[in-house]
Amino acid sequence: MRYLFLFLFLPFFVLAEINQPLQNLLLDMEKIDQDVRKELGQLGWDKAPQDLQDKLARIDESNTQKLKEILNGRAWFTENEVGKKGIVAAFLIIQHSPDFEFKEKMLPVLKKSYFNGEGITGQEIALLTDRILINKGEKQLYGTQVDIRSGAVIFEPISAPETVDERRAEMKMPPLEFYKKLMEEMYDIKDHPEIDLN
């Protein structure tokens, strides 16, 4: 008697599920971050009472500490793990962190994530890079850091400004002039009908 064994090799797909508790934790931290900033924005950043500014500082410090604890023993998150929203939330916490050593430590990790297509954007890398450089007293590379003074958008000093748009294009960002118009529209400095913020 002969037996015929037929083995069917079917592709085995493992669909990574989002770690919902982790994503929720990051989103909750982002909400706290954004709620206090919205309140400050409504009052006017330069007119906000000291207790609200102190509250912002406490939130940024607390969120930084929580994120460090979450990242203890790991480098970063993947988009499959926490979703795009979770990546954005975690980045925002780093961007607003008062701990510049932490920001510097995370920059190469986030760059790697960006080049691996894991949810970080070129604009986010540019924002963090410029913020770190300005804090160190150096010129920014991408022109993301501005100051709003006397009803005008003033760029912090930019290294090699003649090639800034090339660097911005490498990070899939619009030209500096468009970014300036966007800032003017956002801060109600000047109306640019061609820009729709909604």
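Is it true that V82 is out of contact with any strand residue (DSSP E or B) (no Cβ under 6 Å at 6 or more places or on another chain), surrounded by fewer than 16 Cβ atoms within 10 Å (Cβ to Cβ), more than 29 Å from Y187 (Cα to Cα) and not assigned by TED's automatic domain parsing to the domain that holds A160? Criteria not met by V82. Among the residues here, Q34 does not qualify as at pLDDT 95 or above and under 16 Å from the mean Cα position of the chain (by Cα).
Residue check, E104 against (1) within 23 Å of L40 (Cβ to Cβ); (2) within 16 Å of the chain's Cα centre (by Cα); (3) not hydroxyl-bearing (S, T, Y), all met but one. Which one? Answer for E104: the failing condition is (1). A search for C-beta distances below 6 Å between a residue of the range 156-167 that is in contact (Cβ under 8 Å) with a residue 24 or more places away in the chain and any residue that is in a helix (DSSP H, G or I) and surrounded by 15 or more Cβ atoms within 10 Å (Cβ to Cβ), counting only pairs 6+ apart in sequence or on different chains, returns E156/I134. Cβ separations smaller than 9 Å between residues 6+ apart or across chains give the following pairs from the range 57-75 residues that are farther than 11 Å from H96 by Cβ to residues that are assigned to a helix (DSSP H, G or I) and of a type in the set (S, T, Y): A75/S113.
In the range 96-117, the condition of being in contact with an Asp or Glu (Cβ under 8 Å, 6 or more places away or on another chain), free of Cβ contacts under 8 Å to residues at least 60 places away in the same chain and among the polar types (S, T, N, Q) is met by at least one residue.
Taking the criterion of being modelled with pLDDT of 95 or more and over 15 Å from the mean Cα position of the chain (by Cα), the residues of the range 107-134 that qualify are L133, I134. Note on the range 44-65: residues that are surrounded by 15 or more Cβ atoms within 10 Å (Cβ to Cβ) and not hydrophobic (A, V, I, L, M, F, W, C) amount to 4.
The values are calculated or read from the model by the stated rules, or taken from the named source; none is laboratory data. Everything numeric in this text was worked out from a predicted model, so none of it was measured. Heads up, the Cβs are rebuilt from the backbone with ideal geometry, glycines too, and the neighbour counts pull from every protein chain shown.
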